[in-house]
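Working notes, beginning with the structure itself.
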Amino acid sequence: MSEHGAMRRVSLSNPQFTYDDADPQGFRSGMFRVGGDLGAQDTGTTLYELPAGQAVCPYHYEHGEEEWALVVEGRPTLRTPQGTAQLEPLDIVFFPKGPDGAHQIRNDTDAPARVLMWSSVVYPTVTVYPDSDKIGVWTRGVDDVIVRRSSGVEYFEGER
């Protein structure tokens, strides 16, 4: 990262990707998170490296955040409610809030792919995972929870 006055910048030419050893097979993507390093508070930006057969994350949509994706390298597959399509380098995709913005980006090719994603960052927010029927509530770690929709309870259950 370099600084020129109040402007901060980072180069994507030689990113230092981090991998989470806890990620299961199929979701082992490298991350180079730059939003916070540049001082962003209301937006986030991450360059993902997708080895063959891996996805950024499960198929999902956001209720509180809009998301964008720009293919930097390779030809990843995009899944949306309309189906799947292979993306090309420099393709850009927008994912609106809600079910119409549901998406998953994965690499079904033998060559690595890199995708730059950015979004608004909102807390609290809710993410829905339709394939597994889960809902995630994100509160900056205070009361984060992922639950199955079937675990829903009535509003006054347990109250006195």
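The values are calculated or read from the model by the stated rules, or taken from the named source; none is laboratory data. Predicted model only: the values in this text are computed from it and were never measured. Cβ placement follows ideal geometry from the backbone for every residue including glycine, while neighbour counts extend to all protein chains displayed. With ligands, DNA and RNA removed, areas are computed over all heavy atoms of the protein, side chains included. Shrake-Rupley method; radii C 1.70, N 1.55, O 1.52, S 1.80 Å.
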Roughly how many percent of the accessible protein surface of the chain is carbon and sulfur, given a 1.4 Å probe and a whole-percent answer?
50 percent
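Which whole-number value in Å² is the accessible area per residue of the chain, probe 1.4 Å?
62 Å²
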Which of rounded, prolate or oblate describes segment 107-160 when judged by the alpha-carbon gyration tensor and an a/c cut-off of 1.5?
oblate
Once you have all Cα-Cα distances for the chain, histogram them in 10 Å bins from zero and send the whole-percent values.
10, 34, 36, 14, 4, 1
So if a site counts as exposed when it's one of the GluC sites (Glu not before Pro), its DSSP state isn't H, G, I, E or B, and it has at most 13 other Cβ atoms within 10 Å, what's the longest stretch of the chain without one?
1-153
Nearest-0.05 FRET efficiency for Ala111 and Val153 at R0 = 41 Å, using Cβ-Cβ distance, is 0.30
FRET efficiency, 1/(1 + (r/R0)^6) with R0 25 Å, evaluated for Leu90 and Phe17 via beta carbons:
0.75
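Just need the relative contact order of the chain here, percent rounded to a whole number, with Cα pairs under 8 Å and 6+ apart.
Relative contact order for the chain comes out at 21 percent.
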For Arg75 and Tyr123, FRET efficiency with R0 = 30 Å and r from the beta-carbon atoms, rounded to 0.05?
0.30
